[in-house]
Amino acid sequence: DFGCFSSVFICPMKIRVRIPAVKEASDSMKTLSTISELAAFCAEAQNHPYVTIDTEFLRERTYYSKLCLLQLAMPGKDDDTAVLVDPLSEGLSLAPLYDLFRDTSVVKVFHAARQDLEIFFVDAGVFPDPLFDTQVAAMVCGFGEQVGYETLVRRIAKKTLDKSSRFTDWSRRPLTDEQKIYALAHVTHLRVIYEHLAGILETSGRTRWVQEELQILTNPATYITEPDEAWMRVKTRNTSPKFLAIVRELAKFREQYAQSRNIPKTRVYKDDAIVELSSTKPRDLNDLNRSRLLMREARKGDIAQGILTAVQLGLDCPQALLPQPDLGREKLQVNPALSDLLRVLLKSKASDSGVASKLIASSADLDAIAAGLRDVPAMKGWRREVFGEDALRLCEGQIGLAAEGTNIRIIKL
């Protein structure tokens, strides 16, 4: 209360505000832009047991991914053994990297490798051998289904990632320090994650499980989309062979058009337009312009003519060549009670093994097993050991299930 004073003097206080400093790219952060620099790094990497790898790419406007940046790291504790590779540099060839991929003495470590591997397969027809995917390994080690890289960095490396550069344009040059720091973190922390997960797998004897899962990632069929088979990915409830013949031809034309021009399939026309056109069966441009779902660009020119030709090919398809829907699973005589028991068994086995239940068996697998089918993924490889054998015994009445507190106990009958 300053009421008794005729004047008041307020002395200004010096207030200190802590402003977080922007982390700058380390002077040791190397960006390789020539084939000789890349060859020297890859030659050095061949002296180590593993190398971690990641990519940054764009695919929003193309059919095939455009590689914009490549990150590599050898074993170490800091950024000194990690590099960025600029594939957009004039004259840079990735041949030294592909030689490293073929060196079976060096493990090539990725996280969620599918899209990375597709880039290399499309470019050179080569896969890294041997391959280690930390996302697959984490699922086998009990970290949950399709666990993200940021989660593993936090839980294993005890670090946090700055994700502000995640959706930047990686094709623009020069790259900012923030982009470089973000990109390099995807291979430096990956070293700690790999060593940790590889140790768990070795101790638990589950290394073979991961190797089985990775076989699909190194199968060329995973990355090759045959235009004749593209229709199988279009979801529709109509199972009429004549309807499906039109779907097949429309999907085939779209795939060929997108591949030849390196544009996304959705830029040609979307799946819902395929379903609509297969129902309306347009014969000319006037019919085509009545479509509700077809984009404007697809109502004229080469795309419009391709659509009309595809529809006619579907209508003219001989009876013997009409596609037949796979109705086998729909006609299965599923025992619902047995299917429910299998679900209980699966939850118990997943809890005991520390592996996500969806990785062991899908709902479709369980229904198929309950209907008497045995040629399902859950009955093969490590899944059979963890779940499949007891699932068979349950179906054959050799075992029963009992509740024991919060656990499920298997009883031999």
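The values are calculated or read from the model by the stated rules, or taken from the named source; none is laboratory data. What you see is a predicted model; the values in this text were computed from it and never measured. Virtual Cβ from ideal backbone geometry, glycine too; neighbours counted across all protein chains shown. Accessible surface is based on the protein model in full, side chains and every heavy atom, while ligands, DNA and RNA are left aside. Shrake-Rupley method; radii C 1.70, N 1.55, O 1.52, S 1.80 Å.
Out of all Cα-Cα pairs in the range 259-310, roughly what percent, to the nearest whole number, are more than 14 Å apart?
In whole percent, the share of Cα-Cα pairs in the range 259-310 beyond 14 Å is 47.
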At a probe radius of 1.4 Å, what is the per-residue accessible area of MET379, in Å² to the nearest 10? 10 Å²
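Order the peptides 342-354, 166-178 from the highest to the lowest mean number of other Cβ atoms within 10 Å of their residues.
On the way: 342-354: 17.5, 166-178: 13.2.
Answer by packing, highest mean first, reads 342-354, 166-178.
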Tell me, in nm to one decimal, what length is gained between ILE411 and THR239 on full extension, where the rule is 0.36 nm per residue of separation less the Cα-Cα distance? 57.5 nm
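Using packing as a proxy for protection, rank 319-325, 147-153, 60-66 so that the peptide with the highest average count of other Cβ atoms within 10 Å comes first. Mind dumping the intermediate values first?
Details: 319-325: 11.1, 147-153: 18.3, 60-66: 14.1.
The densest-packed peptide leads the list: 147-153, 60-66, 319-325.
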Hull volume in cubic angstrom per residue (convex hull over the Cα atoms of the range 102-256): 176 Å³
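Suppose all protein chains stay in the model; what accessible area per residue would a 1.4 Å probe give for the range 41-151, in Å²? All intermediate terms of the calculation are to be shown ahead of the outcome.
Values: 4310 Å² over 111 residues.
With all protein chains present, the range 41-151 gives 39 Å² per residue.
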Helix-only mean residue ellipticity at 222 nm, the chain, DSSP H runs n ≥ 4 weighted -39,500 (n - 2.57), per residue, nearest 500. What is it? -12000 deg cm²/dmol
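Given that compact globular proteins tend to follow 2.2 N^0.38 Å, what is the ratio of the alpha-carbon Rg of the range 40-127 to that value? Mind dumping the intermediate values first?
Details: Rg = 12.9 Å, N = 88, 2.2 N^0.38 = 12.1 Å.
Normalised Cα radius of gyration, the range 40-127: 1.07.
Could you work out the Kirkwood radius for the range 201-340, taking every pair of different alpha carbons, averaging 1/r and inverting it, reported in Å? It would help to have the intermediate numbers written out before the result.
Working: mean 1/r = 0.0571 Å⁻¹.
After inverting the mean inverse Cα-Cα distance, the result is 17.5 Å.
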In the chain, what % of DSSP beta bridges are antiparallel (nearest 5)? 65 percent
Expressed as a fraction of 2.2 N^0.38 Å, the rule-of-thumb size for a compact globular protein of N residues, what is the C-alpha radius of gyration of the range 102-168? 1.28
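If you stretched the chain out fully between ILE399 and ALA371, how much longer would it get, using 0.36 nm times the residue separation minus the C-alpha to C-alpha distance?
Numbers: separation 28, 0.36 × 28 = 10.08 nm, distance 1.79 nm.
Taking 0.36 nm per residue and subtracting the Cα distance, the gain is 8.3 nm.
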Paired Rg and Dmax values of the range 331-413, which use every Cα atom, in angstrom: 11.8, 38
Taking Cα atoms of the chain, Rg/Rh with Kirkwood Rh, to two decimals? 1.09
Using alpha carbons only: equivalent-ellipsoid semi-axes of the range 284-380, gyration tensor based, whole Å: 46, 19, 12
Say R0 is 45 Å: what FRET efficiency, to the nearest 0.05, do ALA364 and ASP80 get from their beta-carbon distance? 0.40
Place a point 7 Å from the Cα of ASN47 along the Cα-to-Cβ direction; which residues of the range 91-129 have their backbone N under 16 Å from it? 106
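Taking Rh as the Kirkwood radius computed over C-alpha pairs, what is the Stokes-Einstein D of the range 78-130 at 10 °C in a medium of viscosity 1.306 mPa s, expressed in µm² per second?
Working: Rh = 12.4 Å.
It diffuses with D of about 128 µm²/s by this estimate.
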Of all accessible heavy-atom area on the chain, the percent that carbon and sulfur account for (1.4 Å): 50 percent
Rounded to a whole number, the Stokes-Einstein D of the range 206-278 in µm²/s (Kirkwood radius over Cα pairs; 37 °C; 0.692 mPa s) is 236 µm²/s
Above-threshold pairs, the threshold being 20 Å between Cα atoms, out of LYS358/LYS380; LYS30/LYS180; LYS108/LYS163; LYS30/LYS66; LYS235/LYS281: LYS108/LYS163; LYS30/LYS66
Using Cα centres only, tell me the gap between the range 76-123 and the range 334-413 in whole Å. 40 Å
In whole Å, largest first, the alpha carbons of the range 19-172 cover along the principal axes 42, 40, 37
